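No lab work stands behind these numbers, since they all come straight from the coordinates. Just so it is clear, the structure is predicted and the values come from calculations on it, not from any experiment. Note that each Cβ is placed from the backbone with ideal geometry, even for glycine, and that neighbours are counted across all protein chains shown.
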């Protein structure tokens, strides 16, 4: 899904961009991410998704395997949320109820294999956006999809996200001070 933001507010991705090593965001990973995220959204919403290039098929297979094994109920897919109080926005990949749980989990799909420090901060910012929009979240996680189609790598962030959200608030304030 191509990036779009017409809210007038900076997005979580824009705000955190200065803290992400640009070596991970060359054209190839960006294109791969867009293709795999579009396939994930289509799959979760039960929509037609055109075939993907063979080089991306493993990521899509890994994503489908994880969804089929873990997701019980889809709550939200790729919807831009706004925090009017703090004046920022974001577009979480997925909010879902997972097997064995009775509450919502904030899920962010990744096609890179390395866990990066900003992932926790991003997830906390998304969890706050959900809360500000009336969706309570019990936990968060990144699902790092595997290029060979095998099982995804999960990093779970439990219920207390306040530390990471406080870090996000500091970054947001710096962003607004220096860039707006």
Qualifying positions in the range 130-159 - more than 19 Å from residue 116 (Cα to Cα) and out of contact with any helix residue (DSSP H, G or I) (no Cβ under 8 Å at 6 or more places or on another chain)
130, 131, 132, 133, 134, 135, 138, 159
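What number of residues in the range 49-63 are in a loop (DSSP other than H, G, I, E, B) and in contact with a helix residue (DSSP H, G or I) (Cβ under 7 Å, 6 or more places away or on another chain)?
2
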Being without any contact (Cβ under 8 Å) to a residue 40 or more places away in the chain and out of contact with any strand residue (DSSP E or B) (no Cβ under 8 Å at 6 or more places or on another chain): is that true of residue 51 here?
yes
